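The values are calculated or read from the model by the stated rules, or taken from the named source; none is laboratory data. Keep in mind the model is a prediction, meaning the values are calculated, not measured. Glycine gets a Cβ as well: all are built from the backbone with ideal geometry, and neighbour counts include every protein chain shown. SASA here: full protein model, heavy atoms, side chains in, ligands and nucleic acids out. Shrake-Rupley method; radii C 1.70, N 1.55, O 1.52, S 1.80 Å.
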Amino acid sequence: MDSSADKGQELPVKKPHNYRGTTTRNLRAREVGRFNDLDPDQPMTVWSVDSGDDIPISCRIPLLEVPAQLPLSLTISLDDLSDPWATIPTVDRILRWAEAVSYDMSGVDLVMGRSLMKKLCQTPYNRKDPWKAKIYRYRNTICMESDDERFNDDNSSFANWGKVFEDVMKTGGRRTPGYRCEDVDVRMPRLVSLGPLKILTNSRISCQLSENRVDKPESYVELKTVGVITTEKNEMSFKRYKCRNIWAHCALLGIETVYIGYRTRDGELQKIQRFSMEDLEREGEQWWSSEVMLSFMKKLLTWVQSKTTDGATYSLTYDGQSYFSPVCLFPEEHDDLARIVKSSFPDED
């Protein structure tokens with residue numbers, strides 16, 4: 001590494017209209033396997049697309065069943081809806097799966113979680129929203145883990161209502177509040193191609209459409225909740241912010257369909273609406289563009305590739321202190337991330 005890298009590197013963040021050239025035509029995502037780690041006390045159930053084996057029962061995705069009657073309450077009496085694996089880094093989960101199925105990592109440029117991808121690509125629009133990631137480059141593969149605790153804050157009422165909404169959409173709303181949600185916790189490692197970049201990530205798949213062939217990418221469905229729209233300001237916020245965030249959550253991983261549940265401030269589900277990714281883009285076309293987000297993320301990740309070397313750890317930060325804040329990359333020790341990666345793929349003697 002040259003001496004300038006020791007002092008850190010900066011990538012300016014320009015106005016959104018400056019990011020062009022990478023569109024959804026340059027974005028591809030394919031499923032490479034599945035794992036189910038609902039119970040941390042049990043061995044992870046894994047499956048690889050290349051194995052030729054049938055998908056294990058515990059890795060099969062539930063069918064969508066939209067409730068016939070609304071409204072429904074999303075409030076619950078259980079205090080603990082937390083994910084027992086929430087404290088385990090996403091890179092660790094992905095690499096555990098890769099090690100278990102002997103996945104070939106030689107063609108993978110980056111490993112990172114879905115939430116971090118969603119955060120990075122929206123930076124040109126979220127200029128006051130800081131983030132931080134830690135990086136370890138190993139055998140030319142860059143492993144990136146969020147270093148922002150907000151990604152792991154999943155204890156709000158809104159988050160819990162979202163979990164109940166997912167369960168409602170898998171049972172037709174037949175269950176009543178007061179039960180433990182998430183009978184299954186299927187995670188799907190996916191290889192995302194963004195131009196020449198190959199990114200190994202994972203996604204939690206809620207359910208799939210029953211009208212299509214099951215266990216096919218075009219069948220997979222995301223489920224999200226938003227506040228009911230009662231004013232023009234609510235509508236503008238939905239189109240400008242919510243649609244963009246949901247698009248980034250789904251489209252980057254090749255998910256084509258999302259069902260959005262509209263809830264009151266008291267947690268009452270009043271309406272359910274189906275959107276395609278194209279629908280979301282049309283809703284927000286006045287305020288945001290998928291081309292801007294994809295072009296920025298490609299530029300950022302290509303820049304990180306060019307500024308890092310094997311065996312080194314870094315911090316990648318965006319402080320959001322001003323409209324002209326750059327993304328900064330500088331060497332910093334992250335022994336925890338290095339240990340995770342090396343434990344899955346130890347160096348050969």
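Here are a few things to note about the model shown:
- LEU269 vs. criteria over 25 Å from ALA29 (Cα atoms), open to solvent by less than 10 Å² (accessible area, probe 1.4 Å) and in contact with a helix residue (DSSP H, G or I) (Cβ under 8 Å, 6 or more places away or on another chain): yes
- Residue in region 182-205 that is open to solvent by 10 Å² or more (accessible area, probe 1.4 Å), in contact with a Ser or Thr (Cβ under 8 Å, 6 or more places away or on another chain), modelled with pLDDT of 85 or more and among the small types (Gly, Ala, Ser) present: yes
- Residues of region 18-59 classified as within 20 Å of SER206 (Cβ to Cβ), among the acidic types (Asp, Glu) and assigned to a loop (DSSP other than H, G, I, E, B), total: 2
- Criterion (in contact with a Lys or Arg (Cβ under 8 Å, 6 or more places away or on another chain) and on the phi > 0 side of the Ramachandran plot) met by exactly one of GLY254, GLY261: GLY254
- Complete set of residues in region 327-340 that are in contact with an Asp or Glu (Cβ under 9 Å, 6 or more places away or on another chain) and surrounded by 15 or more Cβ atoms within 10 Å (Cβ to Cβ): VAL327, CYS328, LEU329, PHE330, PRO331, HIS334, LEU337, ILE340
- Where ASP310 falls short, out of the listed (1) open to solvent by less than 10 Å² (accessible area, probe 1.4 Å); (2) over 14 Å from CYS121 (Cβ atoms); (3) in a loop (DSSP other than H, G, I, E, B): (1)
- Residue among VAL228, VAL214 that alone is at pLDDT below 95, farther than 19 Å from ASP167 by Cβ, open to solvent by 10 Å² or more (accessible area, probe 1.4 Å) and hydrophobic (A, V, I, L, M, F, W, C): VAL214
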